[in-house]
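*Asks:* This is the structure, below, for whatever I ask next.
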Protein chains: 2
Amino acid sequence: MNREDERPLYLRVADQLRERIRSGELQEGDRLPSVPGLAADLGISRSTASEALKVLISEGLAVARSGSGTFVRLPREPQRLIRAWYRATPYGSPFMQDMHRQGREAGWSYESKTVQASPEIRDRLGLTESTGDAEDVVRTDYVFLADGEPVMLSTSWEPLVVTRGTPIVLPEDGMLAGRGVAERMLSIGMPIDDWVEEVAARLGTAEECERLRRAAGSIMVTIKRTYYSADTQVETADIVVPADRFTLVYSGKMGCVPEQ
Amino acid sequence: MNREDERPLYLRVADQLRERIRSGELQEGDRLPSVPGLAADLGISRSTASEALKVLISEGLAVARSGSGTFVRLPREPQRLIRAWYRATPYGSPFMQDMHRQGREAGWSYESKTVQASPEIRDRLGLTESTGDAEDVVRTDYVFLADGEPVMLSTSWEPLVVTRGTPIVLPEDGMLAGRGVAERMLSIGMPIDDWVEEVAARLGTAEECERLRRAAGSIMVTIKRTYYSADTQVETADIVVPADRFTLVYSGKMGCVPEQ
DNA sequence: TCGAATTTGTGCGTATGTATC
DNA sequence: GGATACATACGCACAAATTCG
């Protein structure tokens, strides 16, 4: 069976399947050989055939549908997300504009709550004065959609010390709903003049992978973003995007020359 | 055996081990229970115990050493890499300055070659005129070190059409060796006035993981960077950093107000 | 240096549950 | 309902790496 057993059998079987995908013989949405089928064809055990398929799944090249089969799922060319601190556009938030430029139908759903900030969030928002047990931020959880599919998660925190008593306390309420943080803050006299984004990457949690319809253990790019107005933090957010779908684009000029 | 089988057994065992790590009972470097040990202790099969450990490994909370055991490996606090287009500093390149600020001994090794650019690199450098089979770029492969350990890979391409005949044809040669691209280009009258970075994440290749001394299959953050001088591309680079060691920091002001 | 014991990795077999068609 | 598929769980065996006396 093994004229050369440098590499484990299940990896060699995975190589073989990967090659059939790469060559175009198996295309997007095609069904890969089933576990029993592979085992019979190659004269290997079902456990080993299953291991080989798991390799492709963990690489994001395939998805398993219980009871149905394992299907090729080619990574799309990643979309570009332009990271910029402020872009007033007819399409609303920066995400909406990026999707619109790429000819995709964008949408989002959200849920806002007034809550007490965690120590980390308090730190990121520069909330030094104690408010006891009082609620001090509005937390909004977003799911962003492209062509109806969830593609980005974001959790945003805005300090009540900034927004309390203004018409924009709730991010997705009122005239400026869906227009993005920058425009909303501008409307209450707090123009955003600086931002910081900390970019990292890690495996997605089970919940993130499920909400973004990715295979368990998919790689996620994470962004911790903070917006400033005159050295005051007015918003901070945790953003999660699947690494196989997005490339983040930063550029030297965007801080100086907002696009119109 | 299962009074409630909502979740698979191997996931519940993984939960249990994860909790022992989270609580501090098992610390960095400690050995997790062995597969046969777990199986005996919990009255489960070795296959199931092995599956449970694989979950923690895939989450990056543990590493397996064949023949030795499976060990807790808590993620370190990642270092920050400040991404900025130009920072003239007494410490040379931006990488050197970041490491110096964090009190780490920085260094690098490199290798330069004059080569013919690939189509992708030609595109990134805006080289539209054909040069036949002639060599048209200087390619430099860097390994950056922190405290003697390799932490970042970078491959840089500079078009000969810009640097030919100048004292800085070879990046790490002459007076400005180690001073960074920005200073070198400035010295030949090509000040860098714009940059674009495309940030993505993926699994590291076998070679990258080995050169950066990471476990096979570690997550890497990749940056495709291009420097411009008056709308002319003067350099492009592919940068690879291990995701568990670095966070990239971008900020709105750095494009306008270079640090001194 | 050698060998015994332990551990992970791989591969085989089987069985059952459950989802899909 | 029946056939097929994946997911989980059990069992066993051997190879390779490591550790330790």
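The values are calculated or read from the model by the stated rules, or taken from the named source; none is laboratory data. Predicted, not measured: the structure shown is a model, and the values here were computed from it. Quick reminder, even Gly has a Cβ in these numbers, built from the backbone with ideal geometry, and neighbours come from all protein chains shown. Side chains included, ligands, DNA and RNA excluded: accessible areas come from the protein's heavy atoms. Shrake-Rupley method; radii C 1.70, N 1.55, O 1.52, S 1.80 Å.
*Asks:* Give a quick list of GluC sites (Glu not before Pro) in the range A:29-128 that DSSP marks as loop, anything other than H, G, I, E or B, with at most 11 other Cβ atoms within 10 Å. Walk me through the numbers before you get to the answer.
*Replies:* Details: sites: A:51, A:59, A:105, A:111, A:120; in loops: A:59, A:105.
Hits after loop and neighbour filter: A:105.
*Asks:* If you bin the C-alpha pair distances of the range A:18-110 every 5 Å from 0, what whole percents do you get?
*Replies:* Pairs per bin, as whole percents: 3, 12, 17, 16, 11, 9, 9, 9, 8, 5, 2, 1, 0.
*Asks:* Relative to the compact globular guide of 2.2 N^0.38 Å, what is the alpha carbon radius of gyration of the range A:136-260, as a ratio?
*Replies:* Working: Rg = 15.6 Å, N = 125, 2.2 N^0.38 = 13.8 Å.
This ratio for the range A:136-260 stands at 1.13.
*Asks:* Residue farthest toward the positive end of the dipole of chain B, with Cβ of Lys/Arg at +1 and Asp/Glu at -1: which of B:218, B:140, B:38?
*Replies:* B:38
*Asks:* Tell me which of B:108, B:67, B:131 sits at the most positive position along the dipole axis of the range B:6-142, charges placed on C-beta atoms (Lys, Arg +1; Asp, Glu -1).
*Replies:* B:67
*Asks:* Using the Cα centre as the reference, give the magnitude of the dipole from point charges on the C-beta atoms of chain B (Lys, Arg: +1; Asp, Glu: -1; all else neutral), rounded to the nearest 20 debye. Please list the in-between numbers first.
*Replies:* On the way: 32 positive and 40 negative charges, 167 e Å.
Charge dipole, chain B, about its Cα centre: 800 debye, nearest 20.
*Asks:* Determine the principal axes of the Cα atoms in chain A, then give the extent along each, sorted from largest to smallest and rounded to whole angstroms.
*Replies:* Result, largest extent first: 73, 42, 33 Å.
*Asks:* Take the solvent-accessible surface of the protein heavy atoms, probe 1.4 Å, and return the percent of it on the protein assembly as shown that carbon and sulfur atoms account for. Let's see the in-between values first.
*Replies:* On the way: 13230 of 26390 Å².
The C+S portion of the solvent-accessible surface of the protein assembly as shown is 50 percent.
*Asks:* Looking at the range B:3-85, which trypsin sites (Lys or Arg not before Pro) are DSSP coil and have at most 14 other C-beta atoms within 10 Å of their C-beta? Walk me through the intermediate numbers first.
*Replies:* Numbers: sites: B:3, B:12, B:18, B:20, B:22, B:31, B:46, B:54, B:65, B:73, B:76, B:80, B:83; in loops: B:3, B:73, B:76, B:83.
The qualifying sites are B:3, B:76.
*Asks:* Right, something else. Of B:188, B:151, B:95, which is farthest along the charge dipole of the protein assembly as shown in the positive direction, counting Lys and Arg as +1 and Asp and Glu as -1 at C-beta?
*Replies:* Going by the charge dipole, the pick is B:151.
*Asks:* Per residue, how much accessible surface does chain A expose to a 1.4 Å probe? Answer in Å², no decimals. Walk me through the numbers before you get to the answer.
*Replies:* Details: 13080 Å² over 260 residues.
Each residue of chain A exposes 50 Å² on average to a 1.4 Å probe.
*Asks:* Turning to a different aspect of this structure: Treating only the Cβ of Lys, Arg, Asp and Glu as charged (+1, +1, -1, -1), what charge dipole size does the protein assembly as shown show about its Cα centre? Round to the nearest 20 debye. Display every interim value, and only then the final one.
*Replies:* Values: 64 positive and 80 negative charges, 160 e Å.
Once rounded to the nearest 20, the dipole reads 760 debye.
*Asks:* Something else now. Using Cα springs under 10 Å in a Gaussian network model of chain A, which residue among A:66, A:50, A:154 shows the largest mean-square fluctuation?
*Replies:* A:66
*Asks:* Please name the residues of the range B:223-248 whose accessible area, counted over protein heavy atoms with a 1.4 angstrom probe, falls by no less than 20 Å² between the chain alone and the full protein assembly.
*Replies:* The answer is B:243, B:247, B:248 - residues whose exposure falls by at least 20 Å² when every protein chain is included.
*Asks:* Let me ask another. As a check on your grasp of the helix formula, calculate [θ] at 222 nm for chain A: sum -39500 (n - 2.57) over DSSP H runs of n ≥ 4, divide by the residue count, round to the nearest 500. Don't jump to the answer; show the numbers that get you there.
*Replies:* Working: 8 runs with 66 residues, N = 260.
Using -39500 (n - 2.57) per qualifying helix, the result is -7000 deg cm²/dmol.
*Asks:* Also, quick follow-up: Once the Cα gyration tensor of the range B:49-193 is diagonalised, what are the square roots of 5 times its eigenvalues, in whole Å and ordered largest first, as equivalent ellipsoid semi-axes? Don't skip to the end; give the middle numbers.
*Replies:* Working: eigenvalues 296, 92, 34 Å².
Equivalent ellipsoid semi-axes, largest first: 38, 21, 13 Å.
*Asks:* Restricting attention to the range B:123-180, which trypsin sites (Lys or Arg not before Pro) occupy a DSSP loop and are surrounded by at most 16 other Cβ atoms within 10 Å? Show your work: numbers first, answer last.
*Replies:* Values: sites: B:124, B:139, B:164, B:179; in loops: B:164, B:179.
Taking the range B:123-180 and a limit of 16 other Cβ atoms within 10 Å, the loop trypsin sites (Lys or Arg not before Pro) found are B:164.
*Asks:* Now for a different question. Suppose R0 equals 25 Å; then what is the FRET efficiency for residue A:128 and residue B:104 from their Cβ-Cβ distance, rounded to the nearest 0.05? Could you put the intermediate results ahead of the total?
*Replies:* Values: r = 30 Å, r/R0 = 1.21.
Once the sixth-power term is evaluated, E becomes 0.25.
*Asks:* Could you give the dipole magnitude of the range A:108-201 about its Cα centre, charging the beta-carbon of Lys and Arg +1 and that of Asp and Glu -1, in debye to the nearest 20? All intermediate terms of the calculation are to be shown ahead of the outcome.
*Replies:* Working: 7 positive and 18 negative charges, 52 e Å.
For this selection, approximately 260 debye.
*Asks:* Let me ask another. In the protein assembly as shown, how many lysine pairs have Cα atoms under 29 Å apart, counting only pairs 8 or more places apart or on different chains?
*Replies:* 9
*Asks:* Fully extended, how many nm does the chain gain between residue B:7 and residue B:166 (0.36 nm per residue separation, minus their Cα-Cα distance)? Working shown, then result.
*Replies:* Details: separation 159, 0.36 × 159 = 57.24 nm, distance 6.65 nm.
Difference between extended and current length: 50.6 nm.
*Asks:* Report the Stokes-Einstein translational diffusion coefficient (µm² s⁻¹, integer) for the range B:136-175, Rh taken as the Kirkwood radius over Cα pairs, at 10 °C with viscosity 1.306 mPa s.
*Replies:* Working: Rh = 11.5 Å.
Roughly 139 µm²/s, to the nearest whole number.
*Asks:* Also, quick follow-up: To the nearest 100 Å², how much accessible surface do chains A and B cover up together, summed over both, with a 1.4 Å probe? Numbers along the way, then the final one.
*Replies:* Values: alone 14220 and 14450 Å², together 26390 Å².
Chains A and B together bury approximately 2300 Å².
*Asks:* A follow-up question, please. What is the distance, in nm, between label points placed 7 Å from the Cα along the Cα-to-Cβ direction at residue B:45 and at residue A:20?
*Replies:* Computed distance between label sites residue B:45 and residue A:20 equals 2.7 nm.
*Asks:* Which shape class, rounded, prolate or oblate, goes with the protein assembly as shown when its Cα gyration tensor gives a ≥ b ≥ c as root eigenvalues, a/c under 1.5 marks rounded, and past that a/b bigger than b/c marks prolate? Show your work: numbers first, answer last.
*Replies:* Values: a/c = 1.60, a/b = 1.16, b/c = 1.38.
It comes out oblate by the Cα gyration axes.
*Asks:* Which whole number gives the average, over all residues in A:198-207, of C-beta atoms from other chains lying within 10 Å of the residue C-beta?
*Replies:* Values: counts 7, 13, 9, 15, 8, 5, 0, 1, 2, 0.
Other-chain Cβ atoms within 10 Å of each residue's Cβ, averaged: 6.
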